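The values are calculated or read from the model by the stated rules, or taken from the named source; none is laboratory data. These numbers were taken from a predicted model, which means no experiment stands behind them. Positions of Cβ are backbone-derived with ideal geometry, glycine not excepted, and every protein chain shown enters the neighbour counts. These area figures cover heavy atoms from the full protein model, side chains too; ligands, DNA and RNA do not enter into them. Shrake-Rupley method; radii C 1.70, N 1.55, O 1.52, S 1.80 Å.
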Amino acid sequence: RTFEIVGDRVQLGVGGGITADSVPMLEWRECLHKAAPLLAAAGSRPSSPMPVDGALRAGGLLETVLGVDGVPARLADHLARLDRSCRELFGAGLPPDAAERVSQAAKNVPVGRAVLRVTASPGLDLTITAAPAPPRPSALNAVTRVRSAGLWRHKWADRSWTDDAGDVLFVGADGAVLETARGNVFLIEDDGALVTPPLRDDLLPGVTRRALLDLARDDGRRSVLRTFDVAELSGKAAFWTSSLSGAVPIGSVDGVQLPRADDLVAAFAQRLAAGK
């Protein structure tokens, strides 16, 4: 390992080899491990990875997939996210028949919308259930809550923390808007551009979030990944997204009414509902 010194600037380059079965976060941690001795010698240290909550890990992981007339929507994307988390937390990926099993379960609700729940235990045993989906919610009147520290970029099967959080909008300790208890948050700029928070440890990388960003790209609509606070959110039209609900307007935050763009949000919801 080598320090490169130019004037008053010191730089340390660290890297690793990425292969087809690499786990991104484990590769990143390996980079931090490689850098640690030199940084310690220089009187500094890399930031420590967020520790995993043992109780949440023991409870396993969850994916909630929308079924439409007996067919899972965006199944490959959901299973890819679940597989990444399994590899990081449990040391191995999903069973090779996971997609087939979810598709078979979806046929138990052959007409209309269904909620498919895929739970993966630490031993990588899968439990898959299918049931009629509840009606889509209307506008959310949110109450802010500071999110506890933790690895919320994984979708934990233990949902006890959501028991009283149905209308909650989580913010970070730094004041950044993160997500609602049910999905990711988007702002609508005056020019129609979409703004959503960048991914971080305390924010779930939503499958529908990604799908909407892809739709915006295909439509030529500008999208921006950046941090914003509640004050900015309160002055703009906003909505949240999830696999089951598509896109849902945010009506108010802590009693402050937001501007509305319901027709545009409804158009997003209609396109997302197709699951394509």
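Considering only the stretch 12-65, state which residues are charged (D, E, K, R) and open to solvent by 60 Å² or more (accessible area, probe 1.4 Å).
Across the stretch 12-65, the qualifying residues are Asp21, Arg29, Glu30, Arg45, Asp53, Arg57.
Conditions tested, residue by residue: (1) over 18 Å from the mean Cα position of the chain (by Cα); (2) not hydrophobic (A, V, I, L, M, F, W, C).
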residue	(1), (2)
Arg29	yes, yes
Leu38	yes, no
Ala41	yes, no
Arg45	yes, yes
Ser48	yes, yes
Leu62	no, no
Val68	yes, no
Leu75	no, no
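Which condition from (1) among the charged types (D, E, K, R); (2) touching a residue at least 40 places away in the same chain (Cβ under 8 Å); (3) open to solvent by less than 70 Å² (accessible area, probe 1.4 Å) is the one that Asp77 breaks?
The one condition Asp77 does not meet is (3).
Residue by residue through the stretch 173-186, note down the ones that are touching an Asp or Glu at 6+ places or on another chain (Cβ under 6 Å) and either at pLDDT below 90 or farther than 16 Å from Thr241 by Cβ (or both).
Gly175
What number of residues within the stretch 92-118 satisfy the criterion of being touching a residue at least 12 places away in the same chain (Cβ under 8 Å) and of a type in the set (D, E, K, R)?
Summing the residues that are touching a residue at least 12 places away in the same chain (Cβ under 8 Å) and of a type in the set (D, E, K, R) in the stretch 92-118 gives 4.
Name every residue in the stretch 1-31 that is in contact with a helix residue (DSSP H, G or I) (Cβ under 9 Å, 6 or more places away or on another chain) and part of a helix (DSSP H, G or I), in order of residue number.
Pro24, Met25, Leu26
Of (1) assigned to a loop (DSSP other than H, G, I, E, B); (2) out of contact with any Leu (no Cβ under 8 Å at 6 or more places or on another chain); (3) crowded, with 17+ Cβ neighbours inside 10 Å; (4) not polar (S, T, N, Q), Leu94 satisfies all except one. Which?
Checking Leu94 against (1) assigned to a loop (DSSP other than H, G, I, E, B); (2) out of contact with any Leu (no Cβ under 8 Å at 6 or more places or on another chain); (3) crowded, with 17+ Cβ neighbours inside 10 Å; (4) not polar (S, T, N, Q), the one that fails is (2).
For the stretch 213-233: of the residues being in contact (Cβ under 8 Å) with a residue 40 or more places away in the chain and either among the charged types (D, E, K, R) or open to solvent by 10 Å² or more (accessible area, probe 1.4 Å) (or both), which is nearest to Leu169 (Cα to Cα)? Talk me through it step by step, then tell me what you get.
Filtering the stretch 213-233 down to residues in contact (Cβ under 8 Å) with a residue 40 or more places away in the chain leaves 215, 227-230, 232-233.
Subset that is either among the charged types (D, E, K, R) or open to solvent by 10 Å² or more (accessible area, probe 1.4 Å) (or both): 215, 227, 229-230, 232.
On the way: Leu215: 25, Thr227: 15, Asp229: 11, Val230: 9, Glu232: 14 Å.
Filtering first and then ranking leaves Val230.
Under 6 Å between Cβ atoms, which residue pairs at least 6 apart in sequence (or on different chains) link something in the stretch 119-133 that is more than 18 Å from Arg84 (Cβ to Cβ) and without any contact (Cβ under 8 Å) to a residue 40 or more places away in the chain with a partner that is open to solvent by 50 Å² or more (accessible area, probe 1.4 Å) and of a type in the set (D, E, K, R)?
Sorted first by the residue in the stretch 119-133, then by its partner, the pairs are Ile128/Arg101; Thr129/Arg117.
Of everything in the stretch 174-207 that's more than 18 Å from Leu264 (Cα to Cα), among the aliphatic types (A, V, I, L, M) and out of contact with any Ser or Thr (no Cβ under 9 Å at 6 or more places or on another chain), which residue is most open to solvent (accessible area, probe 1.4 Å)?
Looking at the filtered set, the residue picked out is Leu199.
Just checking, which of Leu89, Leu62 is in contact with a strand residue (DSSP E or B) (Cβ under 6 Å, 6 or more places away or on another chain), closer than 14 Å to Ser121 by Cα and either in contact (Cβ under 8 Å) with a residue 60 or more places away in the chain or not hydrophobic (A, V, I, L, M, F, W, C) (or both)?
Leu62
Sort through Arg210, Arg136, Arg159 and tell me the only one that's open to solvent by 40 Å² or more (accessible area, probe 1.4 Å), closer than 30 Å to Asp97 by Cβ and in contact with a helix residue (DSSP H, G or I) (Cβ under 8 Å, 6 or more places away or on another chain).
Arg210
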